[in-house]
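Have a look at the structure below before the remarks.
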Amino acid sequence: MRDAIVHLSKLTRAHGVTLGIYSGSSAYAADLLDRELVDYLGLGIDLIFLGRAAQDSIKTLRGTK
């Protein structure tokens with residue numbers, strides 16, 4: 001996936017177009033921004049955030065967090 005993003009980044013910059021991406025991982029998103037591979041991003045969507053919160057709650061209840 002990273003190779004595709006690098007390729008798209010080069011193409012969009014060559015044509016004066018911005019590049020954005022959705023990411024469910026804040027660490028991955030930060031890396032893309034730090035490396036200036038994307039111009040903007042959407043960090044997660046509601047379903048991802050709700051799913052992670054539910055998983056964290058279940059882990060906490062089970063004592064595995």
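Just so it is clear, none of the values below were taken in a lab; they were calculated from the coordinates. Please read all numbers here as calculations on a predicted model, not as lab measurements. Glycine also receives a Cβ, built like all others from the backbone with ideal geometry; neighbour counts cover every protein chain displayed.
Looking for something of a type outside the set (Gly, Ala, Ser) and in contact with a Ser or Thr (Cβ under 9 Å, 6 or more places away or on another chain) - is there at least one such residue anywhere in region 23-30? No, every residue in region 23-30 fails to be of a type outside the set (Gly, Ala, Ser) and in contact with a Ser or Thr (Cβ under 9 Å, 6 or more places away or on another chain). Within region 27-47, the residues that satisfy the criterion of being surrounded by 11 or more Cβ atoms within 10 Å (Cβ to Cβ) and under 11 Å from the mean Cα position of the chain (by Cα) are Tyr28, Ala29, Ala30, Asp31, Leu32, Leu33, Val38, Leu41, Gly42, Leu43, Gly44, Ile45.
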